[in-house]
Amino acid sequence: MSQPVETFTPQQFHRQSREALANPQIRANFRKAMDGLMDKRRDAFAEWQLEELRQLGANIRLRALAHLPDLLEQLEARCEANGIRVHWAEDGEQACRIVTDICQRHGARSVIKGKSMVSEEMHLNAHLEKAGIEALESDLGEYLVQLNEQTPSHIIMPAIHLNTDEISDIMHDNTGTERTRDVDAMTAAARAQLRERFMAADVGVSGVNFAVAETGTLCLVENEGNGRMTTTVPPVHIAVTGIEKVVEHLADVPPLYALLTRSATGQHVTTYFNMISSPRREGEHDGPREVHLVLVDNGRSNIYQDDELLDTLRCIRCGACMNHCPVYTRVGGHSYGTTYPGPIGSILMPHLMGLDATRDLPTASSLCGACGEVCPVKIPIPDLLVRLRREAVGEGRGNVPGAGSKRTSKEVAAWKSWQWLATHPSAWRGATGIIGKLRGLAPAHIGPWTEYRTAPKPAAVPLHRLIKQYRKEGRS
Amino acid sequence: MTPVKLYPPRPERVYLFGTCLIDMFFPEAGLDAVRLLEREGIEVVYPDNQTCCGQPAYTSGYHDEAREVARAQLGLFPEPWPIIVPSGSCGGMMRKHYPALFAGTPEEQQARDVASRIFELTEFLVHVCQLKLEDKGGEEKVAMHTSCSARREMGLADTGPALLAQLGQVELVEQVRSAECCGFGGTFAVRHPQVSAAMVEDKSQAIEQAGAEHFVTSDCGCLMNIGGHLAHRGSDVAGEHIASYLWRRTS
């Protein structure tokens, strides 16, 4: 039923997307879920001045990115002053070592995790496992995909590819839960299973939605309370986040939060909004004894060097681009074979994995623009997809890793020929005229196009000549 | 999202940029655009040396090649007349991407000037010509597919339906997910044929299920894709460029 973890790779996008397209269950699960999410988002913004709010969100993120190095230093200083230990990781490997070292220093055997895409990006669970430390996901969706030895198929709803029956099977097969179609019963069962684990965990690991530089506050948005449990019950809390998640002011958070929850799930508010500003203080009765913040670069400062690609870092990880993407909706999240799937993944993952590994992702879009239209911080996703296509087929001078890896002499020659023809109008007219005359010989089958469509037939008389005839005939 | 465009008064003359797809595959649609404009008393100038706007290369990442082809078009419109493009996709390329493509080159100003004079056909008919149509055809249920470029890049979701709404005997039927892409996307349909096919299959189904007897679109890429798929599955629903449909029903 399920694919084991790490089966999917971006190199296999074509095969994986074909298989997903041929799977009616996957098609139905995603279509239904994405239709619902699109409706909820639309309704949630119905009474808002959405364009103004999006512009505000974009401006906040642009301002934060404009001062990113300074804000990161400020964040570090404020966090340290609050008693939060700050660590810097250049890549995922180093970030994993930092987390593992902290765990080992405390003799930790078990880690409970709140939802964190950055921890997925750095493959933290596998790293901890190698060190003999068990990592358990506590977000319900993450818990299910972990039980099923899968990876998340969506950044907000990790188990969105599964339907009720499949979830029932997974819970039954892995935890002995009685099979049921009652969602509340399954949720209650998972809750009971997780509750014990929260109590027993030595360390809690979470992500961060917004890191506020001026106050040294880590904001965490969630619905299940598992984020609060993860960050308050175990004696040690480690927050991991990408360096781009910093915002300048506390006042920057409410607009971004308003955009995030409505764009992601169509909620006006989430059930929980956590603001973590220090470990347990003298006289307090709960909270972790230690709080750590791991700031992960992992290719982000390279993106930061480029004025156009920089826009990629505005992302607040709402997933709206996925929910509205006609490609994602049909092939699902796993087909992309990357931590972040869908449009945002296609503009982010090439920087993390290189354009050679992810070469088919920037082209996996019809450039319909739905992603850019709904992005709460107005990332010009279609333009960035085109930019990465350009890097992929260019001469490799760009600073995107793997630039030029898709360039082939055959394709370059084809475009050069097209260029020659389209810059020599008389030759162009001659060619279209000849094509028209030979239309009887036009192939009925042209590659995959005609597997699904009839072949387009060239017109007997192209517009160039048709207009001349029309003029001659005196505009009849 | 789309900046407010101030429309000029109705001009005496316009240029027509016919687009390469219309030139080669749907020339009647180009001629019908000319007829519609001429009926409004506007002289249409068709520069004979036009070829392609450059978009296929541009979206494929071959920007040097796209720029050379685009440069060959820039000089074709010397008079300050509007340039009418019967395609949201080519129109979007010329209006939105030409300025960026020529940024920092000697042609930057010229590219901006051309971009500012680009009008998609239905946009021009509605906002500049304030076209009034008298329907001479019989009763018909029609579905409209507005291309993604017209809808999102040019902000023209309403102009096509507004013209069809003037046809008294035509009922414009609403499809599910009418704003969703048909799956053409230029080279996307070639590079990811199965994904593209899944998209066009859903689009065709939506058009059929809406009860449409006919479908129209303002872009020949979508027309080739959806029409080709409908024909392939033996559907009774045929497609047509909106210029041809409007002309056919009102002449």
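Working only within the range A:366-401, note down all residues that are facing chain B (nearest Cβ under 7 Å) and either aromatic (Phe, Trp, Tyr) or closer than 17 Å to B:Arg191 by Cα (or both).
A:Ser366, A:Leu367, A:Cys368, A:Val386, A:Arg389, A:Arg390, A:Ala392, A:Val393
Residues are listed down the side, and each one gets a yes or a no for (1) farther than 26 Å from B:Met94 by Cα; (2) at pLDDT 95 or above; (3) small (Gly, Ala, Ser); (4) not assigned by TED's automatic domain parsing to the domain that holds B:Met93:
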| position | (1), (2), (3), (4) |
| --- | --- |
| B:Ala157 | no, yes, yes, yes |
| B:Ala162 | no, yes, yes, yes |
| B:Gln166 | yes, yes, no, yes |
| B:Glu180 | no, yes, no, yes |
| B:Val190 | no, no, no, yes |
| B:Asp202 | yes, yes, no, yes |
| B:Asp219 | no, yes, no, yes |
| B:Cys222 | no, yes, no, yes |
| B:Gly227 | no, yes, yes, yes |
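Just give me the residues in the range A:189-217 being aliphatic (A, V, I, L, M) and in contact (Cβ under 8 Å) with a residue 12 or more places away in the chain, in sequence order.
Taking the range A:189-217 as the starting set, the residues that turn out to be aliphatic (A, V, I, L, M) are A:189-190, A:192, A:194, A:199-201, A:203, A:205, A:208, A:211-213.
Those that are aliphatic (A, V, I, L, M) and in contact (Cβ under 8 Å) with a residue 12 or more places away in the chain: A:Ala189, A:Ala190, A:Leu194, A:Met199, A:Ala200, A:Ala201, A:Val203, A:Val205, A:Val208, A:Ala211, A:Val212, A:Ala213.
This table checks each residue for (1) out of contact with any strand residue (DSSP E or B) (no Cβ under 8 Å at 6 or more places or on another chain); (2) modelled with pLDDT of 95 or more; (3) assigned to a loop (DSSP other than H, G, I, E, B); (4) crowded, with 18+ Cβ neighbours inside 10 Å.
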residue: A:Ile379; (1), (2), (3), (4): yes, yes, yes, yes
residue: A:Arg387; (1), (2), (3), (4): yes, yes, no, yes
residue: A:Glu391; (1), (2), (3), (4): yes, yes, no, yes
residue: A:Glu395; (1), (2), (3), (4): yes, no, yes, no
residue: A:Asn399; (1), (2), (3), (4): yes, no, yes, no
residue: A:Val412; (1), (2), (3), (4): yes, yes, no, no
residue: A:Lys416; (1), (2), (3), (4): yes, yes, no, no
residue: A:Leu421; (1), (2), (3), (4): yes, yes, no, no
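Among the residues of the range B:12-40, count how many are in contact with a Ser or Thr (Cβ under 9 Å, 6 or more places away or on another chain) and of a type in the set (Val, Ile, Thr).
Qualifying residue count, the range B:12-40: 2.
If I ask for residues that are more than 25 Å from B:Pro47 (Cα to Cα) and of a type in the set (Gly, Ala, Ser), which ones from the range A:445-476 would you list?
Within the range A:445-476, A:Gly447, A:Ala455 qualify.
Which number in (1) under 26 Å from B:Gln194 (Cα atoms); (2) surrounded by 14 or more Cβ atoms within 10 Å (Cβ to Cβ) marks the one condition that A:Cys375 misses?
Of everything listed in (1) under 26 Å from B:Gln194 (Cα atoms); (2) surrounded by 14 or more Cβ atoms within 10 Å (Cβ to Cβ), A:Cys375 misses just condition (1).
Report yes if A:Ala444 is facing chain B (nearest Cβ under 9 Å), farther than 24 Å from B:Tyr58 by Cα and either outside any helix (DSSP H, G or I) or not hydroxyl-bearing (Ser, Thr, Tyr) (or both), otherwise no. Give the derivation first.
On the way: facing chain B (nearest Cβ under 9 Å): no; farther than 24 Å from B:Tyr58 by Cα: yes; either outside any helix (DSSP H, G or I) or not hydroxyl-bearing (Ser, Thr, Tyr) (or both): yes.
Against the criterion (facing chain B (nearest Cβ under 9 Å), farther than 24 Å from B:Tyr58 by Cα and either outside any helix (DSSP H, G or I) or not hydroxyl-bearing (Ser, Thr, Tyr) (or both)), A:Ala444 does not qualify.
Restricting to the range B:13-31, and then to whatever is touching a Gly at 6+ places or on another chain (Cβ under 8 Å) and more than 7 Å from chain A (Cβ to nearest Cβ), can you tell me which residue is nearest to B:Val128 (Cα to Cα)?
Of everything passing the filter in the range B:13-31, B:Leu16 is nearest to B:Val128 (Cα to Cα).
Would you please name the residue that is nearest to the other protein chains (Cβ to nearest Cβ), looking only at residues in the range B:46-62 that are more than 30 Å from A:Asp360 (Cα to Cα) and within 18 Å of the chain's Cα centre (by Cα)?
Going residue by residue through the range B:46-62, those that are more than 30 Å from A:Asp360 (Cα to Cα) are B:46-50.
Subsequent filtering for residues that are within 18 Å of the chain's Cα centre (by Cα) retains B:46, B:50.
On the way: B:Tyr46: 5, B:Gln50: 7 Å.
Going through the qualifying residues, I end up with B:Tyr46.
So which residues in the range A:101-125 are within 23 Å of A:Ile167 (Cα to Cα) and not in a loop (DSSP other than H, G, I, E, B)?
Here is the first cut: in the range A:101-125, the residues within 23 Å of A:Ile167 (Cα to Cα) are A:112-117, A:120, A:125.
Listed by number, the residues that qualify are A:Ile112, A:Lys113, A:Met117, A:Glu120, A:Asn125.
When you check B:Arg39 against the structure, is it surrounded by fewer than 23 Cβ atoms within 10 Å (Cβ to Cβ) and within 30 Å of A:Val393 (Cβ to Cβ), yes or no? Lay out the reasoning, then the answer.
Details: surrounded by fewer than 23 Cβ atoms within 10 Å (Cβ to Cβ): yes; within 30 Å of A:Val393 (Cβ to Cβ): no.
Taking the combined requirement at face value, the residue does not satisfy it.
Can you tell me which of A:Thr454, A:Thr423, A:Thr450 is within 10 Å of chain B (Cβ to nearest Cβ), β-branched (Val, Ile, Thr) and within 30 Å of B:Leu74 (Cβ to Cβ)?
Numbers: A:Thr454 fails: within 30 Å of B:Leu74 (Cβ to Cβ); A:Thr450 fails: within 30 Å of B:Leu74 (Cβ to Cβ).
The unique qualifying residue is A:Thr423.
What number of residues within the range B:146-196 satisfy the criterion of being charged (D, E, K, R) and within 7 Å of another protein chain (Cβ to nearest Cβ)?
At the first step, the residues of the range B:146-196 found to be charged (D, E, K, R) are B:151-153, B:158, B:171, B:174, B:177, B:180, B:191.
Now drop any that are not within 7 Å of another protein chain (Cβ to nearest Cβ), which leaves B:152-153, B:180, B:191.
Residues meeting the conditions: 4.
Within 13 Å of chain B (Cβ to nearest Cβ) and closer than 19 Å to A:Ile156 by Cα: which single residue out of A:Gly332, A:Gly319, A:Gly337 fits that description?
Details: A:Gly319 fails: within 13 Å of chain B (Cβ to nearest Cβ); A:Gly337 fails: within 13 Å of chain B (Cβ to nearest Cβ).
So the residue among A:Gly332, A:Gly319, A:Gly337 that is within 13 Å of chain B (Cβ to nearest Cβ) and closer than 19 Å to A:Ile156 by Cα is A:Gly332.
Search the range B:157-196 for residues being in a loop (DSSP other than H, G, I, E, B) and polar (S, T, N, Q), and hand back the single one that is surrounded by the fewest Cβ atoms within 10 Å (Cβ to Cβ). Write out each step before concluding.
First, pick out the residues of the range B:157-196 that are in a loop (DSSP other than H, G, I, E, B): B:157-158, B:165-169, B:173-187, B:192.
The next check asks that each one be polar (S, T, N, Q); those that pass are B:166, B:169, B:175, B:178, B:187.
Details: B:Gln166: 16, B:Gln169: 11, B:Gln175: 20, B:Ser178: 18, B:Thr187: 17.
Within the range B:157-196, the match that is surrounded by the fewest Cβ atoms within 10 Å (Cβ to Cβ) is B:Gln169.
The values are calculated or read from the model by the stated rules, or taken from the named source; none is laboratory data. Please read all numbers here as calculations on a predicted model, not as lab measurements. Neighbour counts are summed over all protein chains in view; Cβ atoms, including those assigned to glycine, are modelled from backbone coordinates with ideal geometry.
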